[in-house]
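J.: First the structure, which I've put down as structure tokens, then a few questions once you've had a look.
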Amino acid sequence: MTAQLTLPESMSPRERAAEITTILAAAIVRTHLAQAAKPRESDLGFLDDQRVHTTPYQEERL
């Protein structure tokens with residue numbers, strides 16, 4: 001993608017808004033693709049298909 005430099009003074013408000021929207025959309029897509037390309041790490045050494053259920057409070061048995 002080649003950047004086309006246009007002076008903001010020569011653009012209408014609608015054209016400036018469209019340019020900003022295009023730049024933001026491209027940044028969001030790049031961020032999403034970069035995150036999707038990262039290898040996922042499993043927390044606590046468990047595999048992705050394993051589940052760990054915990055209870056926040058364990059009652060003491062007397």
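Values in this text are rule-based calculations from the coordinates and carry no lab data. None of the values given here were measured: they were computed from a predicted structure. Cβ placement follows ideal geometry from the backbone for every residue including glycine, while neighbour counts extend to all protein chains displayed.
J.: Tell me the label-point distance for the pair Lys38, Ser12, using the 7 Å Cα-to-Cβ offset, in nm and rounded to one decimal.
T.: Output for this residue pair reads 4.2 nm.
J.: What FRET efficiency comes out for Thr31 versus Gln4 if R0 is 30 angstrom and r is the Cβ-Cβ distance? Round to the nearest 0.05.
T.: 0.85
J.: Going by how many other beta carbons lie within 10 Å of each one, how would you line up Arg16, Arg30, fewest first?
T.: So the ranking, lowest neighbour count to highest, is Arg30, Arg16.
J.: Now for a separate question. Within 14 Å, Cβ to Cβ, of Leu7, how many net charges do the neighbouring residues add up to if Lys/Arg are +1 and Asp/Glu are -1?
T.: -2
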